[in-house]
1. Are any of the residues in segment 247-267 under 11 Å from the mean Cα position of the chain (by Cα) and among the aromatic types (Phe, Trp, Tyr)?
2. Condition test on residue 188, is it of a type in the set (Phe, Trp, Tyr), assigned to a loop (DSSP other than H, G, I, E, B) and more than 30 Å from residue 114 (Cα to Cα)?
3. Would you say residue 283 is without any contact (Cβ under 8 Å) to a residue 12 or more places away in the chain and either among the small types (Gly, Ala, Ser) or at negative phi (or both)?
4. Pick out, from segment 250-329, the strands (runs of 3 or more DSSP E) lying fully within it that include 2 or more residues that are touching a Lys or Arg at 6+ places or on another chain (Cβ under 9 Å) and open to solvent by 10 Å² or more (accessible area, probe 1.4 Å).
5. Pull up segment 213-241, narrow it to residues that are over 30 Å from residue 184 (Cβ atoms) and buried (at least 16 other Cβ atoms within 10 Å of the Cβ), then point me to the one that is farthest from the chain's Cα centre (by Cα).
6. Which one is nearest to residue 28 (Cα to Cα) among residues in segment 50-109 that are open to solvent by 80 Å² or more (accessible area, probe 1.4 Å) and among the β-branched types (Val, Ile, Thr)?
7. Consider residue 84 against the criteria (1) within 30 Å of residue 291 (Cα to Cα); (2) in contact (Cβ under 8 Å) with a residue 24 or more places away in the chain; (3) in a helix (DSSP H, G or I); (4) of a type outside the set (A, V, I, L, M): it satisfies all of them except one. Which criterion is unmet?
8. Limited to segment 125-142, what total is found for residues that are open to solvent by 50 Å² or more (accessible area, probe 1.4 Å) and part of a loop (DSSP other than H, G, I, E, B)?
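The values are calculated or read from the model by the stated rules, or taken from the named source; none is laboratory data. In this text the structure is predicted, and so the values were computed from the model without any measurement. Positions of Cβ are backbone-derived with ideal geometry, glycine not excepted, and every protein chain shown enters the neighbour counts. SASA here: full protein model, heavy atoms, side chains in, ligands and nucleic acids out. Shrake-Rupley method; radii C 1.70, N 1.55, O 1.52, S 1.80 Å.
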Amino acid sequence: MIGSLFNTLFLLTPVVSSTFASVGRLLRDIKEPGVIGTLVIDEAGQAQPQMAIGELFRSKKAIIVGDPKQVEPVVTDDLKLLKEAYTEPEYSNYKDKTLSVQSCADIINHFGTFFDKGTDYPEWVGCPLLVHRRCVSPMYDISNRISYNGIMKQQTLAPSEEKIKTFISGHSQWINVTGPEKGSGDHYVPNQGEIVCRMVDEAFSRSKTPSLYIITPFTKVVSGIRSALGTYANRNKESALAKSKVFGEWVYSNIGTVHKFQGKEANEVIFMLGCDETVKERYAVQGFVNSNIVNVAVTRAKYRIYIIGDIKVWKNNQYVKEAKDIIDSFPFENTSEND
């Protein structure tokens, strides 16, 4: 009877939403295939393939929506070891940790295009995004170059004069800040934190609830800048931060890693890179921060992106360096008085 009960529910509520974490419990009593009419999976680029098997079995048809050029699925260490343990050839296609529901759907999609990956094997993407409506330049230019082979067309409206008055600066920019990180795996750079504190204070002086994210690739940088902002507010009692009634909540809702903010957007984003020269040739700089992370971070910003890092360190990362080059070369003749 469960299938009939769900179909009765759908007469009253045509769309029922769930997460991958809870959909198993929601549908566990449906044993027959094809009970659900249409399954829509959003952010499919972040979901591991096995997460969708149960829902697909119970659905007549599915629409898979996602972006393989954004953050890949999170694969735990135990699952990674399990994948490596299988040597049979039939499992070889499933060992890649970047494999997602979206990439599996792309494989069977007859409509799409090939993206150059700099190798002999281009990547097939089904029904790719062509019209970009999320952000203005230079964020659009960075994303289009490092992730989409220049196929996108920009259709994002410029900000209004009222919005511009709330921005920290008149234009997006790379802010070069050197200094030692905390070390022992903590890539937070206090010198960079001081700059960010002043920028956030400026944002709160312009708006009671600034549309601003602080995004970083590293969880310990999140902890470091949260602590630094709290210290700044305590030491500067007359600052906009100290006087703000929403600052305590804002610190936890608007600061996080790139993974936290996928699918979200703000008027401005501070992309805080961290790291010093002691790690410039290590995985944190040269491997972990890949094109997907840079793409997601910069495109969370609709109108302004401020990237804070040490260029001596981050010139070793081709995607960060390319983002800096685009920002530096972008013409900013029409800057406002808050430049």
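1. Within segment 247-267 (the criterion being under 11 Å from the mean Cα position of the chain (by Cα) and among the aromatic types (Phe, Trp, Tyr)), the answer is yes, since at least one residue qualifies.
2. yes
3. Yes: the conditions hold for residue 283.
4. It comes to 301-309.
5. 239
6. Within segment 50-109, the match that is nearest to residue 28 (Cα to Cα) is 53.
7. Unmet for residue 84, out of (1) within 30 Å of residue 291 (Cα to Cα); (2) in contact (Cβ under 8 Å) with a residue 24 or more places away in the chain; (3) in a helix (DSSP H, G or I); (4) of a type outside the set (A, V, I, L, M): (2).
8. Residues flagged as open to solvent by 50 Å² or more (accessible area, probe 1.4 Å) and part of a loop (DSSP other than H, G, I, E, B) within segment 125-142 amount to 5.
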